[in-house]
Structure formats: structure tokens, C-alpha cells
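Remarks on the structure that follows.
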Amino acid sequence: MGSGKTTVGKRVARLLNCEFIDLDDVVSKSHGTSVREIFSQHGEEAFRDDESVALAETLSNRSSSLVLATGGGAVIRQSNREIISASADHVVWLDARVDDLVNRTQSNSGRPLLDGDPRAVLAALMDARRAWYESVATMKVDTQNHTASQVAETIAAAVGPKVES
């Protein structure tokens, strides 16, 4: 949370001239409510179930190039990691320091996992998920001291079509 998946993803998609999908938006749309409400009404496990279905459907139904921003917890399930690894040409891990994540998420109340002590939660999530991120990522980008535009340009240059001179 707060690494810039949506912001950077939209910019990468624009630079590569392809579609952008935010997986949280897909799940929210299917429920007709926010992620926070899904967590509140149905719990995290139900959200993760819906996230897994949305991930599988989104990746199996694509007909063109796609930039997909998954939620940070999509990697929790091995089946999701397998789908991502099998379906994606590139998997980018936007790595950010916990202090940066806290600063980026402090004004957003739509993140139900951050209720309470955001710093402690973000640190624990990073510790718990780091190995999973490493297992699926084909590219790791350190976001510290870089704008979203700089990060997007770095990614687009690395994964985009190579132009022969």
C-alpha cells in the first residue's frame, strides 16, 4: 500500500499505449462498493477470494497488452503468484521504504488494513510479503527519491518495445 501501483501503472500504460486495470477497482465494481466496505461487510478472506477470481479472469480474458495493478496482498495466495508468473511478461515490484509508505497513505482512509498503527502494519506487511514479491518480480524498482513519472519512465524503458536505430 502506497508504493504507487495505481499512479505509476496508469503512467506506464500511457507511455506504452496499452490498457490499465486496477484489480481493486475490478473487485469494487463487482460488489458495487468500496474495498473498505467489502472488508467491513464480508471480511478480508472474502475480499481475497474475490481478488483471486478477478485476477484469474482479468489475465485470462485479455486480448492486448495490459498494465495490471494488483493490490499489495494479491501475492499472499500461491495460486495468485502462479497465475501472475505464468501470465505476465513483466512483473514489477515497486519497492518503497516504510516511512515513504506511511507518508503516502496517511491521508487515505480507504485502506482498511491501516486502521490502528499504520507504521507497524506496513512494516509487518512488508516483512511478511517481501519473499513473495521477490518470487514473482521480474523487475524491482526502488521508488525512494523518485517521482511517479520517473518510476514510470524507468519501467516503460525497461519493458517497452525496443526501437532499433
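The values are calculated or read from the model by the stated rules, or taken from the named source; none is laboratory data. Not measured: the values here are computed from a predicted model. Methodologically, a virtual Cβ is constructed for each residue, glycine included, from the backbone with ideal geometry; neighbour enumeration extends over all protein chains shown. Ligands, DNA and RNA are excluded from the accessible area calculation, which covers all protein heavy atoms including side chains. Shrake-Rupley method; radii C 1.70, N 1.55, O 1.52, S 1.80 Å.
Net charge within 15 Å of I76 by Cβ-Cβ distance, Lys/Arg positive one each and Asp/Glu negative one each, not counting I76 itself?
Numbers: positive: R48, R77, R81, R129, R130; negative: D24, E44, E45, D49, D50, E51, E82, D127, E134.
Summing Lys/Arg as +1 and Asp/Glu as -1 gives -4.
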> With Cβ to Cβ distances under 13 Å as the rule, what net charge do the other residues near A88 carry (K, R +1; D, E -1)?
Replying inline: 0
>> Which of rounded, prolate or oblate describes region 11-58 when judged by the alpha-carbon gyration tensor and an a/c cut-off of 1.5?
In response: prolate
> Where both partners of a DSSP beta bridge lie in the chain, what percent of those bridges are antiparallel, to the nearest 5?
Replying inline: 0 percent
> Does region 114-159 come out rounded, prolate or oblate, given a ≥ b ≥ c as the square roots of the eigenvalues of its C-alpha gyration tensor, rounded meaning a/c under 1.5 and, failing that, prolate meaning a/b above b/c?
Replying inline: oblate
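For Q144, what is the net charge nearby, where nearby means another residue's Cβ is under 13 Å from its Cβ and Lys, Arg count +1, Asp, Glu -1? Before the final figure, lay out each step's value.
Numbers: positive: R97, R104, K140; negative: D95, D99, D100, D142.
Charge balance in the 13 Å sphere: -1.
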>> As a test of the formula, what do you get for the chain when each DSSP H run with n ≥ 4 contributes -39,500 (n - 2.57) and the sum is divided by the residue count, at 222 nm and rounded to the nearest 500 deg cm²/dmol?
In response: -18000 deg cm²/dmol
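Note down the relative contact order for the chain as a percent, whole number, built from C-alpha pairs under 8 angstrom at least six residues apart. Don't skip to the end; give the middle numbers.
Working: 179 pairs, mean separation 54.4, N = 165.
Value for the chain: 33 percent.
Find the accessible area per residue for the chain; the probe is 1.4 Å, ligands and nucleic acids are left out, and the unit is Å². Could the numbers behind the result be given before it?
Values: 9250 Å² over 165 residues.
For the chain, the solvent-accessible area averages 56 Å² per residue.
Contact order normalised by length for region 2-86, with contacts defined as Cα pairs under 8 Å and 6 or more residues apart; what percent is it?
Details: 71 pairs, mean separation 33.0, N = 85.
Across region 2-86, relative contact order equals 39 percent.
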> Taking θ as phi - 60°, what are the ³J(HN,Hα) couplings along region 68-76 by the Karplus curve (6.51, -1.76, 1.60), each to the nearest whole Hz, with x for Gly and Pro?
Replying inline: 10, 9, 8, x, x, x, 4, 7, 4
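May I ask you to give the percent of accessible area on the chain that is carbon plus sulfur, with a probe radius of 1.4 Å? Provide the component values of the computation, followed by the final result.
Values: 4380 of 9250 Å².
Carbon and sulfur: 47 percent of the exposed surface of the chain.
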